[in-house]
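Single-structure report; data block below.
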Amino acid sequence: MDNKKIIQAGKIAQEVKKYIKPLIKKNSSLLEIAEKIENKIVELGGKPAFPTNLSINEIAAHYTPSYNDETLAHGLLKVDFGAHMDGWASDTAFSIDLENSNENKKLIEASEKALQKAEETITKGVTTNEIGKFIQEAIENYGFSPIINLSGHQIDQYSLHSGLNIPNIDDRRNIKIHPGLYAIEPFATNGNGKVKDGKLSGIYSLIDYRNIRNPDAREILEYIAEEYQQLPFCSRWIIKKFGTRAIIALKQLEQNGNLHQYAQLVESGKGIVAQTENTVLIEENGKKTITTKES
Ligand code: MN
Ligand code: MN
């Protein structure tokens, strides 16, 4: 663990959050929001830990704008991003209601309250299901459901999801938290409380460095391995770097088994979904939420 780099990745996320919140309005371009977030991360000395997720309403996660995306912000928008320093990542999300809807506001409040309870509870030795229980209770108190097949996660260098999961329900597994870096991310919905795979997202990660003959694909594979290692990236980034010839190359890399493409995650009952997320550093004696300012 490199705590200095972890704290720095958290500080960048804090700054970006402060910068982007006031810029997001109904009908803002999602593509512009994503680029502003990612450019700001670089300006502050980090790199995006994964493509900015800007998921609307029943899409719970894994929507990132394509290179020519014309979608405008509306509904309940979840803004999920992170920075990394040398592979040590922060991961944070907030939700905004762009419709002046009481239901949306309540969903957001439920996910925020659940995260607050979880942050208060998490510490070395506490079980992950105890944290999940508080998340579930907080969301159910609002009359909503937590999403049971999405969870928080431990973070390791160049590995966003590694080690322990932090469930959004009491899964009764009795696994104890040990020192490390953890993202906690309650999702609240007025739907079924479960996500299923939707359309393909244009978000990928490298799964196998096996050889590929096509020179474009080869060149792009080498770039991906060097630039992102195991961290997720998106077609928008690759097209920006290599032009539209990258579209066919990405398809070939996927078919050849080099890349995995993630699906969008959609609420199975078409419910509206709110998400709030912070990254917490757990130490032997203490903890620190790295993605929010110390009070
Ligand atoms: Mn996230
Ligand atoms: Mn996360």
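In square angstrom, rounded to the nearest 10, how much accessible surface does F94 have for a 1.4 Å probe?
Accessible area of F94: about 10 Å².
Which FRET efficiency value, to the nearest 0.05, do you get for I175 and L44 by plugging their Cβ-Cβ distance into 1/(1 + (r/R0)^6) with R0 = 51 Å? List each step's numbers first, then the result.
Numbers: r = 35 Å, r/R0 = 0.68.
Given R0 = 51 Å and the Cβ-Cβ separation, E is 0.90.
Give me the accessible area of R210, 1.4 Å probe, in Å² rounded to the nearest 10.
Ignoring ligands and nucleic acids, R210 comes out at about 110 Å².
Rounded to the nearest 0.05, what FRET efficiency do I248 and S29 have when you use their Cβ-Cβ distance and R0 = 45 Å?
Computed FRET efficiency for I248 and S29 comes out at 0.95.
So, for the stretch 38-171, what is the accessible surface per residue at a probe of 1.4 Å, expressed in square angstrom?
Accessible area per residue, the stretch 38-171: 38 Å².
Can you grab the distance from the C-alpha centre of the stretch 88-125 to the C-alpha centre of the stretch 1-60, Å, no decimals?
Cα centroid of the stretch 88-125 versus Cα centroid of the stretch 1-60: 16 Å apart.
Provide Rg and Dmax in Å for the chain, with only Cα atoms included in the calculation.
18.5, 56
If I fit a long axis through the Cα atoms of helix 245-255 and take the longest principal axis of the Cα atoms of the chain, what angle between them do I get, 0 to 90°, rounded to 10?
For 245-255 against the chain, the angle is about 70 degrees.
Run the quick spin-label model on K240 and E226: label points 7 Å from Cα toward the beta carbon, then report their separation in nm to one decimal.
1.8 nm
Defining a contact as two alpha carbons under 8 Å apart and six or more residues distant in sequence, what relative contact order in percent does the stretch 201-263 show? Don't skip to the answer; put the middle values down first.
Details: 80 pairs, mean separation 34.5, N = 63.
For the stretch 201-263, the relative contact order is 55 percent.
Past 21 Å, Cα to Cα, is the threshold; run K25/K113; K17/K78; K36/K240; K78/K194; K5/K287 against it and keep the listed order.
Numbers: K25/K113 24 Å; K17/K78 12 Å; K36/K240 15 Å; K78/K194 17 Å; K5/K287 16 Å.
Exceeds cut-off: K25/K113.
Give me the distance in nm between label points sitting 7 Å out from Cα along the Cα-to-Cβ direction at N192 and E140, one decimal.
Reported label-point gap for N192 and E140 is 2.0 nm.
Would you please state the base-10 log of I(q)/I(0) at q = 0.14, 0.15, 0.25 1/Å for the stretch 201-263, with intensities from the Debye formula using one equal scatterer on every alpha carbon?
Rounded to two decimals, the profile gives -0.30, -0.35, -1.09.
Compute the separation of the alpha-carbon centres of the stretch 146-205 and the stretch 220-247 and state it in Å as a whole number.
Here the two parts' Cα centres lie 25 Å apart.
The values are calculated or read from the model by the stated rules, or taken from the named source; none is laboratory data. Quick caveat, the model's predicted, so the values are computed rather than measured. Heads up, the Cβs are rebuilt from the backbone with ideal geometry, glycines too, and the neighbour counts pull from every protein chain shown. Surface areas here come from the heavy atoms of the whole protein model, side chains and all, with no ligands, DNA or RNA. Shrake-Rupley method; radii C 1.70, N 1.55, O 1.52, S 1.80 Å.
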